[in-house]
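**Q** Here's a structure for you.
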Amino acid sequence: MKLNCSWDFLALAALALLVGGCASSDAVAEGASADASVLLGITTPTPTALPPTPLATGQALLLQDAAAPSTPEEAAQNFYDWYLSYAQTANPLLDKAYHANGYLAPELIAQVDKTVATSSGGSFDPFLCAQDIPDSVRVGPAEITGERAHAVARTSLDDHWLDLSFVRAAGRWQITGIACGTNAGAPATANATATPEQVVKSFYDWYLAYARRNGSPLAGAAYKASPYLSAAAARGIESTLAAFGSGPSYDPVLCAQNVPLGFVVDPAEVMTGDTARVFVRMNWQGAPSTSQTVSLKLLAGEWKIDGLTCAIESK
């Protein structure tokens, strides 16, 4: 009889424990994992945050471009900081990484594409105006006129600088032109495969850059060393200057007395197999644009500027 009572007591005790466990199931559930770990002697490691996945170069560039620069020089400095960094491990021209760069205007990207496509191996870098990669590029203060601006950038290479043109589009400053030069004003080497409009653009890029940095290329006759001018064109400029004498004069290359803010080169018209002409439109501060005609001739397989007319010639 005692045996049966013992079993009855154990059954009642088990039932009481079961009911008590159900009543506190929520509390048990909340600490179940931790309590079980302690009871079983298991230590659960604290999760460690993984390091962020490095961004690809192109991704980093797009993030960098997200904030619009407030000044032209900031846009240029950001571009060259990125460009030099990229060039340490890869070729931005070969990779065409500059296509995704928000600091470059579409027209400059298109011009660089043409230059790269027509250049032979080992040609100079059109963004740096050099074959060597400088250690640094430092952009000076910009001169801003309305929606356009210019700035001079100095590189770590000896006697080497870049003349930069900008435009502000949709509230964002972008580089529209890069003219090559040195403090001595030596023009870049002409490209034997350049088209007529490329020759004209390269010549005026250099001419305006020289004028802003060193004064008129006419004063020191620097224009005579230009690889973009034929001998006949250089003589024509010299004759025009001589005809002025001591009287009023103007710059026969710019067809004005002042330096324009910028210029636009129209598509070339090839008149015959070895002659062409290009219309150039000069942009001025507070004044209407002016236009002039540049005549070119194919000499020894290269297009050269052969004449300058301060008006649009009729077809």
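The values are calculated or read from the model by the stated rules, or taken from the named source; none is laboratory data. Because the structure is a prediction, the values reported are computed rather than measured. Every residue, glycine among them, receives a Cβ derived from its backbone with ideal geometry; neighbour counts consider all protein chains shown.
**Q** Please find, within segment 249-300, the residue that is surrounded by the fewest Cβ atoms within 10 Å (Cβ to Cβ) out of those that are assigned to a strand (DSSP E or B), at pLDDT 90 or above and hydroxyl-bearing (Ser, Thr, Tyr). If you could, list the steps in order and put the result at the bottom.
**A** Applying the first criterion (assigned to a strand (DSSP E or B)) to segment 249-300 yields 251, 256, 262-265, 269-270, 275-284, 287-299.
Those left that are additionally at pLDDT 90 or above: 251, 256, 275-282, 290-299.
If we keep only those that are hydroxyl-bearing (Ser, Thr, Tyr) too, we end up with 275, 290-291, 293, 295.
Values: THR275: 15, THR290: 18, SER291: 18, THR293: 19, SER295: 20.
Step by step, filter segment 249-300, then rank; the result is THR275.
**Q** Right, here's the next one. Given the conditions (1) within 24 Å of TRP173 (Cα to Cα); (2) of a type in the set (A, V, I, L, M, F, W, C); (3) part of a loop (DSSP other than H, G, I, E, B), which single one is not true for ALA110?
**A** Answer for ALA110: the failing condition is (3).
**Q** To continue, here is another question. What is the residue count in segment 138-160 for residues that are farther than 21 Å from LEU261 by Cα and in contact (Cβ under 8 Å) with a residue 60 or more places away in the chain?
**A** Going through segment 138-160, the residues farther than 21 Å from LEU261 by Cα turn out to be 138, 155-160.
From the residues that got through so far, the ones that are in contact (Cβ under 8 Å) with a residue 60 or more places away in the chain too are 138.
Summing the residues that are farther than 21 Å from LEU261 by Cα and in contact (Cβ under 8 Å) with a residue 60 or more places away in the chain in segment 138-160 gives 1.
**Q** Name the pairs: first residue in segment 252-271 and of a type in the set (D, E, K, R), second residue part of a strand (DSSP E or B), Cβ to Cβ under 7 Å, at least 6 apart or on different chains?
**A** Short answer, once both residue conditions are applied: ASP266/VAL278; ASP266/PHE279; GLU269/ALA276; GLU269/ARG277.
**Q** Counting only residues that are touching a strand residue (DSSP E or B) at 6+ places or on another chain (Cβ under 7 Å) and of a type in the set (Asp, Glu), which one in segment 140-175 is nearest to GLY286 (Cα to Cα)?
**A** GLU147
**Q** May I pose another question? Could you check segment 97-147 and list, in sequence order, the residues that are on the phi > 0 side of the Ramachandran plot and under 15 Å from the mean Cα position of the chain (by Cα)? Please lay out each step first, then the result.
**A** Narrowing segment 97-147 to residues on the phi > 0 side of the Ramachandran plot: 122, 129, 146.
Passing the criteria: only CYS129.
**Q** Out of the residues in segment 213-248 that are surrounded by 13 or more Cβ atoms within 10 Å (Cβ to Cβ) and of a type in the set (Lys, Arg), state the one that is nearest to ARG154 (Cα to Cα). If you could, list the steps in order and put the result at the bottom.
**A** Looking only at segment 213-248, we keep the residues that are surrounded by 13 or more Cβ atoms within 10 Å (Cβ to Cβ), and these are 213-218, 220, 222-230, 232-234, 236-238, 240-241.
Narrowing the set further to residues that are of a type in the set (Lys, Arg) leaves 213, 224.
Numbers: ARG213: 12, LYS224: 25 Å.
My answer is ARG213.
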